1. Report, in debye and to the nearest 20, how large the dipole of the range 10-147 comes out about its Cα centre when Lys and Arg carry +1 and Asp and Glu carry -1 on their Cβ.
2. Per-residue ellipticity at 222 nm for the chain, helices alone: DSSP H runs ≥ 4 residues times -39500 (n - 2.57), over residue total, nearest 500 deg cm²/dmol?
3. Using only C-alpha atoms and all pairs of different ones, pull out the Kirkwood radius for the chain in Å with one decimal.
4. For the chain, find the longest principal axis of its Cα atoms and tell me its angle to the long axis of helix 119-136, 0 to 90°, nearest 10.
5. At 1.4 Å probe size, with every protein chain present, just tell me what the per residue accessible area of the chain comes to in Å².
6. Please give me the summed charge of the neighbours of F80: other residues whose Cβ is under 11 Å from its Cβ, Lys and Arg +1, Asp and Glu -1.
7. May I ask for the distance between the Cα centers of the range 1-80 and the range 93-119, given as a whole number of Å?
8. Put R129, R121 in order of accessible area, largest first, 1.4 Å probe: what do you get?
Amino acid sequence: MAPEQAWRFFSSPQHLNAITPDFFHVDIASPVPEEIYPGLLIAYRMRAVFGWPMAWLSEVCYCEPPRRFVYQQRVGPFAFFSHEVVVTPCRSGVEVEDIVFYSMRWGWMGELLHYCLIGMRLQRIFQWRAEVLQARWPLPAVTLSED
C-alpha cells in the first residue's frame, strides 16, 4: 500500500467500523469532508461498553498529510483522550502506528473501571485493528507494542 492510499483510508472516519470489533460500533453524527484538517470537529454516537450509547466529539488537532494526524476527545467518557496515527513508508509498503494517551474520570472508581474493563477493551480494539489490517494488506510481520 502506498502512503497516500494509507492516508486516505486511516484519516477518514468512514472506515472506523471496518477496523474495529463489533462491540465498538460508531455512527458519525456530523458531516465529514473528504479531507480532514486541523480544527475539524467530528461528532459520533458509539456503543462501546455493554451497548450503552455514548456521545463523543473529537477535534483534529494536528494534520500533516500524508504522514500523521492527531485527534482529541472534546466531549466523551474520558477525562482526556488523544489518538495519533502515523503513516511511515517502509520497504514492505507502509507502517501505521497508533499512539494513544488517555486518562479516566471518576478517581478510584475510574481506575477500577479501567482495570476491570476499559483497558482490556482498548487493547482489544487495537489488536483487532492490527489483525484486520494484516488480513487486508498482508505484510511480512505486524507487531503490537505496549508501553
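1. Values: 11 positive and 14 negative charges, 51 e Å.
The calculated dipole for the range 10-147 is roughly 240 debye.
2. For the chain, the value works out to -7000 deg cm²/dmol.
3. One over the average 1/r among Cα pairs gives 16.1 Å for the chain.
4. 20 degrees
5. On a per-residue basis, the chain sits at 61 Å².
6. +2
7. Measuring centre to centre over Cα atoms gives 16 Å.
8. R121, R129
The values are calculated or read from the model by the stated rules, or taken from the named source; none is laboratory data. Computed from a predicted structure; not experimentally measured. Backbone-built Cβ (ideal geometry, glycine too); neighbour counts: all protein chains shown. Please note that ligands, DNA and RNA were not included when accessible areas were found on the heavy atoms of the full protein model with its side chains. Shrake-Rupley method; radii C 1.70, N 1.55, O 1.52, S 1.80 Å.
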